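*Asks:* Starting off with a structure, shown below.
The values are calculated or read from the model by the stated rules, or taken from the named source; none is laboratory data. Everything numeric in this text was worked out from a predicted model, so none of it was measured. Every residue, glycine as well, gets a Cβ built from its backbone with ideal geometry; the counts of neighbours run over all protein chains shown.
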Amino acid sequence: MEETALTPPKNKWAERLRGRARMAVAVIGGLFLLGFLGVSRPLGQRIDDANTRLSKAEARAQLAGEVGGLRQQASAYNKKLSRGVDLNDWTNYLLGGIRTQRVKLIRMDPKDVVTLGPCKVITWQVEMEGDFKSLAKIVEWIENGQRLMRIDRLLMQSPGGGGALVMAMTLRGLALDVPDKNKTMSPTSRPAKIVPAVEKKPGGAGVRS
């Protein structure tokens, strides 16, 4: 009878302990969930911000590399891009390069100057005769010379069937349509010096006014 009377209190305390344990687990779980949400959301936002900044930095680095490459190309072309459009100066430049080789200039006709942005495009129809080696050197000089030029059309023929060849080509040169500040003024274009007038007095030396 005593064992039967003691059993209900034990079950009662066991139920209480189980209820407290469940409550503790629920409280711990709730705190863990709140802490996880409170930490993960700001951390996720920081990660997204960092990824955004990293993408912008990579884009800027790529853009800086492209700008550096363009500046390098521009500096290479800037050395060859002449200032000012002077047909006589361009003609003398071409004649100076052609005369360095054993070729015969048949004709060199300038064409109309075309505007291309801030630049002018100068065109010539050139025809010359010579051996293949000399003609090849002239082509190399045109493409790698001091001025920005290109060959739009080139045709070689051997009219006599011998070693001499006739080369006809269309040349184009590019120049900035701005005056060249490095060119010195010619003596005729320089302003004359103004010499002060000398006023002569009787019986004495001249006195400058």
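Residues checked against (1) free of Cβ contacts under 8 Å to residues at least 60 places away in the same chain; (2) over 16 Å from Arg102 (Cα atoms); (3) assigned by TED's automatic domain parsing to the domain that holds Tyr93:
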{"position": "Ser134", "(1), (2), (3)": "yes, no, yes"}
{"position": "Lys137", "(1), (2), (3)": "yes, no, yes"}
{"position": "Trp141", "(1), (2), (3)": "yes, no, yes"}
{"position": "Gln146", "(1), (2), (3)": "no, yes, yes"}
{"position": "Arg150", "(1), (2), (3)": "yes, yes, yes"}
{"position": "Arg153", "(1), (2), (3)": "yes, yes, yes"}
{"position": "Gln157", "(1), (2), (3)": "yes, yes, yes"}
{"position": "Val166", "(1), (2), (3)": "no, no, yes"}
{"position": "Leu171", "(1), (2), (3)": "no, yes, yes"}
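*Asks:* Tally time: how many residues in the stretch 140-162 are modelled with pLDDT of 90 or more and surrounded by 15 or more Cβ atoms within 10 Å (Cβ to Cβ)?
*Replies:* Matching residues across the stretch 140-162 total 2.
*Asks:* If you scan the stretch 135-175, which residues turn out to be small (Gly, Ala, Ser) and out of contact with any strand residue (DSSP E or B) (no Cβ under 7 Å at 6 or more places or on another chain)?
*Replies:* Ala136, Gly145, Gly160, Gly161, Gly162, Gly163
*Asks:* Let me ask something additional. Mind telling me which of the residues Ser75, Ser134 ends up being among the hydroxyl-bearing types (Ser, Thr, Tyr) and over 34 Å from the mean Cα position of the chain (by Cα)?
*Replies:* Residue meeting the stated conditions: Ser134.
*Asks:* Restricting the search to the stretch 104-125, which residues are free of Cβ contacts under 8 Å to residues at least 24 places away in the same chain and surrounded by fewer than 10 Cβ atoms within 10 Å (Cβ to Cβ)?
*Replies:* Asp109, Asp112, Gly117
*Asks:* A further question follows. Where the second residue is surrounded by 10 or more Cβ atoms within 10 Å (Cβ to Cβ) and the first is at pLDDT below 85 and lies in the stretch 41-66, which pairs have Cβ atoms under 6 Å and are six or more apart or on separate chains?
*Replies:* Taking only residues 6 or more apart or on different chains, not a single pair turns up.
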